[in-house]
Every structure is written in structure tokens, then in C-alpha cells.
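Read the structure below first, then the notes.
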Amino acid sequence: MPKDTVLWIKDFQILLDKLQQCFEKAEDFAKRLTILDKNELAEIFRDRAFIFPRQVIEDVQDHSIITLSHTSPPTPQGVASSPTHPITLSPHYPITFNSKPQLSFNKNFPMLIEHLQENSKNRIENYLFTDNTKQIERFYAIFEDLKADVNFHPIPQAIYQGFVDLDLKIACYTDHQIFDRFHRYKLRQGYGKEQALSVRLLRELQPGDYVTHIDYGVGKYSGLEKLTVNGHTQEAVRLIYKNNDLLYVGINSLHKIAKYVGKDGSDPQLSKLGSDTWKNLKAKTKKKVKDIAGELIKLYAKRKASQGHAFPPDGYLQNELEASFIYEDTPDQYTATQDVKEDMMKLYPMDRLICGDVGFGKTEIAIRAAFKAVVDGKQVAVLVPTTILALQHFKTFGDRLKEFGVDVDYVNRFRSAKEKKEIFEKLQEGKLDVIIGTHALLGKEVKFKDLGLLVIDEEQKFGVGAKEKLRNLKVNVDTLTLTATPIPRTLQFSLMAARDLSILRTAPPNRQPIQTEVRIFSEEVIKEAIMYEVNRGGQVFFVHNRVKSLPDMVVMLRKLCPDVDFAMAHGQMEADSLEKVLVEFIDKKHDVLVSTNIIETGLDIANANTIIIDHAEMFGLSDLHQLRGRVGRSNKKAFCYLFTPPLSTLTTDARKRLKTIEEFSDLGSGLYIAMRDLDIRGAGNLLGAEQSGFIADIGYETYQKILEEAIQELKENEFKDVFKEELEKEQNFVRDVQIDTDVEMLIPDAYVSSISERLALYTELDGIETEENLASFEEKLRDRFGKIPPEVRELFDGLRVRWTCRNLGFERVILKNDKLRCYFVENPQSRFYESETFKNVMDYIAKEGHKQNLSIKQSARNLIVVKDNVRSLKQARNVLNEIVQAISEEQPV
């Protein structure tokens, strides 16, 4: 039975009985058709008039809405989660339901409570339907805060609309009608953008491409090669080093190699196998990284030691605000919200960075944090880089918080001196809860009665002077910074040491990629693009970044499209005029806004779904990405046209920028764009000149791996007191497990013939971290290539062995000649040897080892667990799982 639908069996049974009678008549009729041969009879039975009742049931199973009607009704509006269309059944007599629809409570909880209590009095059972367990918790919290005695059954499934059935004495209410929000979208869980990035880079590997191996240095990729180990076939990646030395990288170690990304156009030097040059370069890089990261960690430690304000846990109002958001949170958005609120409840000041692509829901997180501060009697300052963004945030914050009695205002150059003075007075007296503004907020005349939270949007766009004033403001105040400029992983790790970081990778539901096209300037294309958008009821941005010739552009556009309403905006206009134009465009009074790049940050207009950028070659990559992000903020298909002179007249860098922005139009592709930007410009201006040399030598991806190692080492050694809580929670003693085996594990040629496809699959498999994702990968493989061969199953078991070893503290596993050897962490100073996990493993082997044929051996550098007669990785996995199971009673691993 479909989960979204309640079918009353007694009525449906009548329908089935009727169908059975029809079928019996049809069968009787068919028997009399003896003059027809078998083929002709079969043709008759293909008609839908001759159908078994079980087939009716099979038909309706796949539909989430079943309508009983004499005519086919239109598809209901707003059904976001239904994968299939509704199905209509037309019975020959009416079926009467004694029911009434659910009231739209529209967040009126006293009214909802009254109805639920009234139902209970009338012996009607209450059921609240939601497919989000968080919503069930919200219901309980709201009823508890309002001290309401309510009886209801929570059902963790979604239904399209609520109803009350007076015959069956049941009331089925749905959360999205109670909270007045859109029905939940199902979000496909896949790889994060970072994993997808490495998969993509390795998928594109061609023989001759430079790659970096974390342990051996820069080499050339030379394809896949079959190797025979103790009579069993395996596949490995072949790398060529200096003097044509060869290195074979097993498919269990693909995460150790990365495509070389350094300074564009310059080939790196190949490393020499067996020399110390690479080892020394790595050590030098790590030392430099530690110097920089150490300074950042000192800042972090200072912040943790300072006294801040600990906000109380969420109350009824916070739950109501979050539930009133008209979209379902993306998984990343939910996690980031929880992280921010947890930070606010700590005794030391928060300093969290929310990094997410344009339109991924950063503002909503800031609104929730601001409301939490206001509820506890604190004031909130929201600092933005542009006049337009201040206006946009004022509208967004105001709309979300007006029902809760929060006073929101803004200051920018649109406000007169008199208005600003009044606003600052209210701020000092505590009569204003949330103030939004540009750098004017940093002036000496701005004084707060009790500032509790500072939200900074796009901090990198503020000047040095403004940042200095910010530091003074931030001393003991919780700070939340939002950025749409994607931070490549290199910086993420360095930032993690000084700042807490949340990354929003999941696109909001129902968003579509923006179709991006690079074109030579053409009046015909411009006219076509504008008319298409206007005719479907949308609006257009036309960006021309020269104030002098902007009026001429408007004249030309009016000639092209005389029936379209154009407006003009640029930064040199009078404040009142500019504000008037922008507000009118937001209110849909103009079809096309012709402007300079002042719209780059701030304008969030769901109805604008086409942007035309003139002279796109003049813009930087991140500017183009930001401008493109002004459209595509609804479920409509959006378009971005980049007009340039003929490509042959452009510089190499400009051509590359345009190619990149056109190529990466997927949702959340900001990370790819930042990577490519790094490739085009070289990494110098991203990380400072001294770092740029290292990246040129070792490649971007490997630099980032070394950076990650360095940060982790600093946390575990020099700064272990600062990160004590985090390290206790993490229990992450082993970062990488090396598996060396003679078991036959590979993707056979007969199963997947393409070498590049096999490499891509190996790489994807190597990055999988959960059983759920592995099951999904297996299903995809079976769907594309057929039944999974035993050699591929061994690959899966190798991956599972890696996961278990990581948890048990084994850095290396050797399974050869039917003998299993598991090597504990090599570093004798590791925290692992003080952990409960190590103690419990040793206790288990001491007590049970002789029964299980397990023994401990000591080599010069390692403690080793040994077991004989292990013939496959599956058996190895079972051995390790037995250890996990035995010690989990003592200490969960």
C-alpha cells in the first residue's frame, strides 16, 4: 500500500469484487471464442478491459495518490515529493466517505491544541504525520512549552493532505499544513563535492598526465597494469618516475595519488625513487605549514580561554521559527544550524564560518542564530559589504521575524542622516533588536546596549581598516561569518585550526543547474533571451559594467524589445533613485534591470531567471560565478548568457575563465571553480608568495594532504590541551590503512573493458566510507555491468577490512600465503596506546587468543596481531569483526 495514501479496504473490496465479476464474464466470453487462434485471443487479452484484480493492486502500488472519480481530475498542485503521477479509478457507483479536510492551522498552536483536545473528547484518535523525526520532537516541545495536555500518535510518514474521518473516528493531520510549509522533497544522498572532485580529476587522467604520490613524489601516469602476486591476478596503476623507474600503486592505495595541479602551463620535475629529495621537501613544507597553522591555533586557544555569553537551550519560540521555514532544511543546513546553536550555548565566544555556494541557505542559518540571541535579550548586528545587500537582508530578516515581534532596521547610504541618528539612538537604548548595515555600523557613533551576536556577510570584501575595527568589536561577542566564495580544502584545514567551519554542499530541493552559454555579442540572441523570459512571466538582469555607456545600452535594448519595461541601476545614482528602482524591480514593476555589477551580491529575486552579462571577459571567475548566482533561485530553468568579442581576440586566461564558467554550471560547482581559478592564476595569491613555491613543486592536492596531516599533528601534540574535548570525541587514531595481499581482487576486463572506466570505478570505490554508500555503489555496478564477479566482491571486503582496521588501530594489514598480519600504530607516542580500544584488544587476545589461534608478535617497529589459515579478505573481515564484537561490550569501537 502506498505510504502517502490511506485506502479504506471495505470500500476498495467492493470495487475489487465488481472487477472480479467483470473478469469472470470476460473469461466466459473468451471461452466461447473457440474459432479464434491463440495469437488472436492473446491480442484480445492485452486490452485493459480484461484485467485481473491483482493487476489492479500492482498498478496502484506505484502511485502515491489514488483518486476515485468519474472523470480524470487535474494533477494536484504542490505535490513535490511524488515520484509518479496520480492514478484515477472510475467506479460505476459513488463511494461515500464521511470525512472533512484538515484545517490550515497556519502555525496557530492554541487552535491546534483545542482541536486535538476536542477530538479526544469525541473519542476521535489523533494522528500527526511527518516524515521528519525532528518535527515530532518539535510537536512535543511546543505542547510542553504551552503546558498543553494533548493525546496523539506520531506517524513517521508524510501524507499529501490531512483529514478527519468521522466513521472511523480518526483525525490525520500533516505537519506541512500545520506549519504552513512546502511538502518535503526527497534529497538524493551522494558523494560530497570534495569526493566528487577527486573522482572527476582521476577520471580525466590520461597516460602522460602528471600525478603526485604522497609517499614517492611527482610521477607520470602510464595506465593500469595486471600483476601476478603468488599466482593471483591483481590490477595496479603504473607510474613512471625519473630515469624511467616504475612504481605500481595497488588499487587499495589510490587515495595516495592525486592529479598534479600546480602553476598552469609549467611541467613539474619528476621525483627520483629511492632518494631523500621528496621526503625532505615534504618535511620542509610541513614545517612551514605548522608555523602558519600554529599562529592560527594560538588565536583559537585565546578565544576559547576568553569569557563569552552562554545562550540557553532552544525554547518554544525557536522551534516555531525553525518550523515556519517554508522549505525543508537540506542535510547540511540542518547540521550547520545545530552547530551554530551549540557554539552559542558554550561559555566562550563563537567564531564560526559558514561556507556555501550562492543560494544554498546561509541567510536562513543567520536568521535562526539572530533570533536565538534576541530571545535571550541580546542585540544582533549584521554587517554586509554593499548597500543592496543591506536592503535585501532587511527585507529577508524582516519577513521571517515580523510575526515574532522582533524589531529589525538597516543603515546604508539610502538612509538620511536624521534616520541614521534615530536608529543609533534606539540601538543604544535597547529598543532595536537587529540592525543590518554596511561599514557605517563600524563608526564611533554606533553604540549597542547589549550586543550578543555579530553576523558578517562576505568578510573578504571588507577593507583592511574595516577588518581592524571588526576585531575590536568581536572581542567577547559571538561571531558568525557567511561566505559564498568557495574555500578550497587547502584553506579549510588551516581555517579549522582557528575557526569552526560549516560547509553547505547540498543544493536546495528542486533547483536546476543554470544553462550557461558563451556567445559573441548578438542583438538577435539578446532579443530572443529577453522575450522568452518575459513571456513566461519572469524577469531579466542585463549587466553592462560601464556607467558611461549604460544609458546607450538601455536605448538599444528598448529598440530591440519595445513592449518590455526596462529600468537602470548603477552605484553613482542618487540613493533615493537607486533604492526606488531596486524595490520596484523586486516588486515586479520592471521586466529587465540594466545595471553594473552592483547586483553581484544581494539581490535575491526568485522571479528573475535570465542574466545577460556583456563583456564577460572583463570579469574575474568568482565575479562571474556570483553574478550567475543571481538567477536560478526557484524551481524554474535559468539561463546565463556571457557575451564577449570573438574568442580569438581574448587573452589565454580570459578564454580559460569563460570555458570554466560554462563547463561548471552544476549546482554547488563553486568548489570546482575555485580549483580551476587556482590552476589559472597559480596558488600564490591564495596562500601567500612563500607557499606558492611549495605548491608548484608538489601539486595542489598533495599540499592539501600535507596540510591536513600537519594540522592533525599540531592538535595531537603541541596543542593537545586546547583540543582535548575534540580529540576525546574523535577517537581517530589511524588516518590511513595500507592493505597488502595476494588475494585476487580487481575488476576483470571481461566485466568492464574500458581502462578509464575501471580507473574511475576503482577511485570511486576507494573513497567510499560507509556500508550504505558501498551498497549503493554495488547496486549501480550491477545495474550497469551485470552480476558482481567474486574478484570485485574481494575488493568490497578489502574496503570493509580497511574501515574495521582504522577503528581497531591497525595501520597496515598483510594477507599473504594464507597468513593474516595486522600492524598496530607505528608511533609509540600515539594516544592510541593510552586508549580503551588498545587495552580491550590486548585483553581479548590474552584471554581468548589461544582459542581463536590469534597471537601477538613484536617487530623492531611494530606490535603485530597474527592469525594463520586466513584465505580471503572476507575471512579476514570476520576475524576482525569478532574482535570488534568481543570488545564492544567493554568499549564501543
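The values are calculated or read from the model by the stated rules, or taken from the named source; none is laboratory data. Model, not experiment: these values are computed from the prediction. As a convention, Cβ positions derive from the backbone with ideal geometry for all residues, glycine included, and neighbour counts pool all protein chains shown. Heads up: the accessible areas ignore ligands, DNA and RNA and are worked out on the full protein's heavy atoms, side chains in. Shrake-Rupley method; radii C 1.70, N 1.55, O 1.52, S 1.80 Å.
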Can you pull out the residues in region 134-160 that are within 29 Å of the chain's Cα centre (by Cα) and within 30 Å of Phe97 (Cα to Cα)? Gln135, Ile136, Phe139, Pro154, Ile155, Pro156, Gln157, Ala158, Ile159, Tyr160
Going residue by residue through region 95-103, is there one that turns out to be of a type outside the set (A, V, I, L, M), open to solvent by 40 Å² or more (accessible area, probe 1.4 Å), modelled with pLDDT of 70 or more and in contact with an Asp or Glu (Cβ under 6 Å, 6 or more places away or on another chain)? yes
Region 767-805 - residue that is β-branched (Val, Ile, Thr) and under 19 Å from Ser253 (Cβ atoms) and, of those, farthest from the chain's Cα centre (by Cα): Val792
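Conditions tested, residue by residue: (1) more than 30 Å from Gln626 (Cβ to Cβ); (2) modelled with pLDDT under 85.
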| site | (1), (2) |
| --- | --- |
| Lys395 | no, no |
| Glu422 | yes, no |
| Asp450 | yes, no |
| Asp457 | no, no |
| Lys467 | no, yes |
Evaluate the following for Gly632: is it at pLDDT below 80, of a type outside the set (A, V, I, L, M, F, W, C) and crowded, with 23+ Cβ neighbours inside 10 Å? no
Answer residue from region 401-442, given it is acidic (Asp, Glu) and not in a strand (DSSP E or B) and is most open to solvent (accessible area, probe 1.4 Å) among those: Glu403
Among the residues of region 532-574, write down those that are aliphatic (A, V, I, L, M) and touching a helix residue (DSSP H, G or I) at 6+ places or on another chain (Cβ under 8 Å). Val540, Val543, Met556, Leu557, Leu560, Val564, Ala567, Met568, Ala569, Met573
Return the pair list, or none, for Cβ contacts closer than 6 Å from residues in region 823-852 that are touching a residue at least 12 places away in the same chain (Cβ under 8 Å) and of a type in the set (Ser, Thr, Tyr) to residues that are assigned to a helix (DSSP H, G or I) and open to solvent by less than 20 Å² (accessible area, probe 1.4 Å), at least 6 apart or on different chains. Tyr844/Ile887
Taking the conditions exactly as written (of a type outside the set (D, E, K, R), modelled with pLDDT under 90 and buried (at least 21 other Cβ atoms within 10 Å of the Cβ)), does Gly786 satisfy them or not? no
Residues in region 602-619: is at least one modelled with pLDDT of 85 or more, surrounded by fewer than 20 Cβ atoms within 10 Å (Cβ to Cβ) and assigned to a helix (DSSP H, G or I)? yes
Number of the exception - Asn817 against (1) modelled with pLDDT of 85 or more; (2) open to solvent by less than 70 Å² (accessible area, probe 1.4 Å); (3) not small (Gly, Ala, Ser): (2)
Lone qualifier among Leu578, Leu624 - being surrounded by 21 or more Cβ atoms within 10 Å (Cβ to Cβ), free of Cβ contacts under 8 Å to residues at least 40 places away in the same chain and either outside any strand (DSSP E or B) or over 34 Å from the mean Cα position of the chain (by Cα) (or both): Leu624
Conditions (1) within 24 Å of Glu137 (Cβ to Cβ); (2) surrounded by fewer than 17 Cβ atoms within 10 Å (Cβ to Cβ) -> Phe325 fails only (2)
Condition set of a type outside the set (Ser, Thr, Tyr) and part of a loop (DSSP other than H, G, I, E, B), scope region 104-130, selection surrounded by the fewest Cβ atoms within 10 Å (Cβ to Cβ): answer is Arg123
Please determine, by comparing only the residues of region 469-523 that are at pLDDT 80 or above, among the hydrophobic types (A, V, I, L, M, F, W, C) and in contact with a Ser or Thr (Cβ under 9 Å, 6 or more places away or on another chain), which one is nearest to Ser648 (Cα to Cα). Ile520
Search result, residues across region 162-175 that are in contact with a helix residue (DSSP H, G or I) (Cβ under 7 Å, 6 or more places away or on another chain) and closer than 27 Å to Pro331 by Cβ: Gly162, Asp175
So Leu557 clears everything in (1) open to solvent by 20 Å² or more (accessible area, probe 1.4 Å); (2) hydrophobic (A, V, I, L, M, F, W, C); (3) within 27 Å of Glu662 (Cα to Cα) except one condition, right? Which one? (1)
I need a count of the residues in region 297-322 that are open to solvent by less than 50 Å² (accessible area, probe 1.4 Å) and of a type in the set (A, V, I, L, M, F, W, C). 5
Considering (1) in contact (Cβ under 8 Å) with a residue 60 or more places away in the chain; (2) under 17 Å from Gly537 (Cα atoms); (3) exposed (fewer than 14 other Cβ atoms within 10 Å of the Cβ), say which one Pro562 fails and leave the rest. (1)
Taking region 226-256 and the residues there that are under 22 Å from Gly274 (Cα atoms) and among the charged types (D, E, K, R), the one that is modelled with the lowest pLDDT would be Lys256
For region 811-832, what are the residues that are part of a loop (DSSP other than H, G, I, E, B) and touching a strand residue (DSSP E or B) at 6+ places or on another chain (Cβ under 8 Å)? Asp818, Val825, Glu826
Any residue at all in region 670-677 that is buried (at least 22 other Cβ atoms within 10 Å of the Cβ) and at pLDDT 70 or above? no
Can you name the residue in region 734-766 that is over 27 Å from the mean Cα position of the chain (by Cα) and small (Gly, Ala, Ser) and, of all such residues, is nearest to Ile257 (Cα to Cα)? Ser756
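Table: residues versus (1) crowded, with 16+ Cβ neighbours inside 10 Å; (2) within 16 Å of Val825 (Cβ to Cβ); (3) among the aromatic types (Phe, Trp, Tyr); (4) modelled with pLDDT of 75 or more.
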residue: Phe719; (1), (2), (3), (4): yes, no, yes, yes
residue: Phe723; (1), (2), (3), (4): yes, no, yes, no
residue: Val734; (1), (2), (3), (4): yes, yes, no, yes
residue: Gln738; (1), (2), (3), (4): yes, yes, no, yes
residue: Ile747; (1), (2), (3), (4): yes, no, no, yes
residue: Glu757; (1), (2), (3), (4): no, no, no, yes
Restricting to region 142-159, give me the number of residues that are open to solvent by 20 Å² or more (accessible area, probe 1.4 Å) and aromatic (Phe, Trp, Tyr). 1
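Okay, residues lined up against (1) open to solvent by 30 Å² or more (accessible area, probe 1.4 Å); (2) small (Gly, Ala, Ser); (3) in contact (Cβ under 8 Å) with a residue 40 or more places away in the chain:
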site: Ala369; (1), (2), (3): no, yes, yes
site: Thr386; (1), (2), (3): yes, no, yes
site: Ala390; (1), (2), (3): no, yes, yes
site: Lys395; (1), (2), (3): yes, no, yes
site: Asp399; (1), (2), (3): yes, no, no
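Conditions tested, residue by residue: (1) farther than 21 Å from Asp742 by Cβ; (2) among the acidic types (Asp, Glu).
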| site | (1), (2) |
| --- | --- |
| Asp215 | yes, yes |
| Lys226 | no, no |
| Val229 | no, no |
| His232 | no, no |
| Val237 | no, no |
| Tyr241 | yes, no |
| Ser253 | no, no |
| Ile257 | yes, no |
Mind checking which residues of region 837-888 are among the small types (Gly, Ala, Ser) and surrounded by fewer than 20 Cβ atoms within 10 Å (Cβ to Cβ)? Ala846, Gly849, Ser855, Ser859, Ala860, Ser872, Ala886, Ser888
